[in-house]
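Enquirer: Here it is, the structure, as structure tokens.
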Amino acid sequence: MSAFRTLDALDPKGKRVLLRVDLNVPMENGKVSDATRIARVAPTILELAGKGGRVILLAHFGRPKGGPDEANSLRPVAAAVAEALGQPVSFATDCLGEVAAAAIAKMQDGDVLLLENTRFHKGEEKNDAAIVEGLAKLGDVYVNDAFSAAHRAHASTEGVAKKLPAYAGRAMQQELDALTKALENPARPLAAIVGGAKVSTKLDLLGNLVRKVDMLIIGGGMANTFLAAQGVKVGKSLCEKDLADTARAILAAAKEAKCEIVLPVDAVVAKEFKAHATSRVVDVGHVGEDEMILDIGPRSVVEVEKLLAVAKTLVWNGPFGAFELQPFDAGTNAVAKTAAALVKAGKLLAVGGGGDTVSALNQAGVADDFTYISTAGGAFLEWLEGKSLPGVEALRA
Ligand code: AMP
């Protein structure tokens, strides 16, 4: 049973359903160039419209400076949504007031309407009471299908959810189910892989994970900071030497929480940060002064794979190496493929997400084989940090 109100509890027939979606899609020459986000919310729109709801889409787009501006208009996105749905989508040039009300008044059961960028009103991001009231007047019920915007307490993500009966859409529900199974209520042992560039951007995340997971596998540039904090020479590698005390404190907290910390035992090193730079594999501790660590080595891959073989759940954020540059994507690719094979064999639940992780896992060709890949970016990271997300909290049953 979900702890959140879902569409199972809503009969939308004849109702004006305010549906918050993420339509912040990339555009090229005025056309949507990647419709992944639209595809994710299409099932919710179709379900609500199919059941006779009047579906009013609310979304932000880009970062307008608090006023209408053509470059950040959602108008061109309406056509892409219509294409994904296979039904017409009308458009209103304002998400509030007379313009929105008039467009909504014309709707029939099963119609879909997209309202202009919520961020064209300054008060949206301030969760301003007048904006919340204005939005709430336009709908009978509210559905949030935009997990990626749920870490912000904005009028369209949080304020209005408190004014109207509020439900999680299907994409939101899927995300919450996956995240709950991965970290709140996981099958154990629970392993986390945290890689990426820097410790400094992931302090809260590491602090939360050491308290929750059984094994914390650290890779990427941030592993160098941990190695250096233990006296290991890392040459010219990316390394935050000023965070040595912090790294040691994280290691101590992990010990206290009985969380096993796993650092690389070998590395692929090169003298230049570029694709196909001449490289060699060395044990950690043998990195030359003029060399930098750009990936984990094959022995580390085997160590990680052994741990995954006993783990029941995996949470993954951040690549093991500079995965954008071949061949320094090899460690990330190998571990990703192993994790995907374990998922396919029914032995592991694996959830990945956050920034570059999505591209790294896509590049490894495992995106469809992971249990769930979150494209939510900031919201996914805040969830990994153990923070409560205002837009999600507002949907609790
Ligand atoms: P993040 O956004 O923190 O997950 O970091 C991802 C970035 O970390 C990617 O651009 C990788 O190229 C980079 N990265 C991972 N490992 C290393 C490394 N050993 N040295 C330099 N950059 C790295």
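No lab work stands behind these numbers, since they all come straight from the coordinates. Worth saying up front: this structure is predicted, and the values here are computed from it rather than measured. Positions of Cβ are generated from backbone atoms using ideal geometry, with glycine treated the same way; all protein chains shown enter the neighbour counts.
Enquirer: In whole angstrom, note down how far apart the Cα centers of the range 347-397 and the range 245-279 are.
Expert: 22 Å
Enquirer: Roughly how compact is the chain, stated as its Cα Rg over 2.2 N^0.38 Å to two decimals?
Expert: Normalised Rg, Cα atoms only: 1.08.
Enquirer: Net charge near residue 121, counting Lys/Arg +1 and Asp/Glu -1 over other residues with Cβ under 11 Å of its Cβ?
Expert: Values: positive: 119, 122, 126; negative: 94, 116, 124, 125, 128.
With Lys, Arg at +1 and Asp, Glu at -1, the neighbours total -2.
Enquirer: Could you calculate the FRET efficiency of residue 230 with residue 310 from 1/(1 + (r/R0)^6), where r is the beta carbon distance between them and R0 is 25 Å, rounded to 0.05? The partial results should precede the final answer.
Expert: Numbers: r = 25 Å, r/R0 = 1.00.
With R0 = 25 Å, the Cβ-Cβ based efficiency is 0.50.
Enquirer: In whole Hz, what ³J(HN,Hα) sequence does the range 352-357 give by Karplus (6.51, -1.76, 1.60; θ = phi - 60°), x for Gly and Pro?
Expert: x, x, x, x, 5, 4
Enquirer: Excluding residue 38 itself, what net charge comes from residues whose Cβ is under 10 Å from its Cβ, given Lys and Arg +1 and Asp and Glu -1?
Expert: Details: positive: 37, 40; negative: 22, 34, 83.
Within the 10 Å Cβ shell, the charges total -1.
Enquirer: A further question follows. Starting from the 7 Å offset along Cα-to-Cβ, what nm value, one decimal, do you get for the label separation of residue 261 and residue 278?
Expert: If labels sit at residue 261 and residue 278, their model points lie 3.5 nm apart.
Enquirer: Shifting gears a bit: Summarise the long-distance tail of P(r) for the range 1-122 by giving the % of C-alpha pairs beyond 25 Å.
Expert: On the way: 1631 of 7381 pairs.
Within the range 1-122, distances greater than 25 Å cover 22 percent of Cα pairs.
Enquirer: Using alpha carbon coordinates only, what is the Rg to Rh ratio of the range 186-384, with Rh defined as the Kirkwood radius?
Expert: On the way: Rg = 15.5 Å, Rh = 16.5 Å.
Taking Rh as the inverse mean 1/r over Cα pairs, Rg/Rh reads 0.94.
Enquirer: Over all pairs of distinct alpha carbons, what does the Kirkwood formula give as the hydrodynamic radius of the range 49-198, in Å?
Expert: Details: mean 1/r = 0.0592 Å⁻¹.
One decimal place: 16.9 Å for the Kirkwood radius.
Enquirer: Hey, another quick one. Only bridges with both residues in the chain count here: give the DSSP antiparallel percent, nearest 5. Mind dumping the intermediate values first?
Expert: Working: 12 of 50 bridges.
Antiparallel bridges make up about 25 percent of those DSSP assigns within the chain.
Enquirer: What number comes out for the charge environment of residue 323, summing +1 per Lys or Arg and -1 per Asp or Glu over other residues with Cβ under 11 Å away?
Expert: Values: positive: none; negative: 295, 324, 329, 356.
Taking every other residue near residue 323 into account, the sum is -4.
Enquirer: So what are the ³J(HN,Hα) numbers for the range 373-383, from phi and the Karplus equation (6.51, -1.76, 1.60; θ = phi - 60°), rounded to whole Hz, Gly and Pro as x?
Expert: 10, 8, 9, 7, x, x, 5, 5, 5, 5, 5
Enquirer: Then there's this: Give me the aspartates and glutamates in straight-line cross-link reach of residue 347: C-alpha distance below 20 Å, same-chain residues under 8 apart excluded.
Expert: Answer for residue 347, where 20 Å is the Cα cut-off: 177, 184, 214, 303, 305, 368, 369, listed by chain and number.
Enquirer: In the P(r) worked out for the range 287-397, what percent of Cα pairs fall beyond 22 Å? List each step's numbers first, then the result.
Expert: Values: 2339 of 6105 pairs.
The calculated P(r) of the range 287-397 puts 38 percent of pairs beyond 22 Å.
Enquirer: Given +1 on the Cβ of Lys and Arg, -1 on the Cβ of Asp and Glu, and no further charges, what dipole in debye does the range 92-154 carry about its Cα centre, rounded to the nearest 20? Write down the numbers at each step before the final one.
Expert: Working: 6 positive and 11 negative charges, 44 e Å.
Dipole about the Cα centre, nearest 20: 200 debye.
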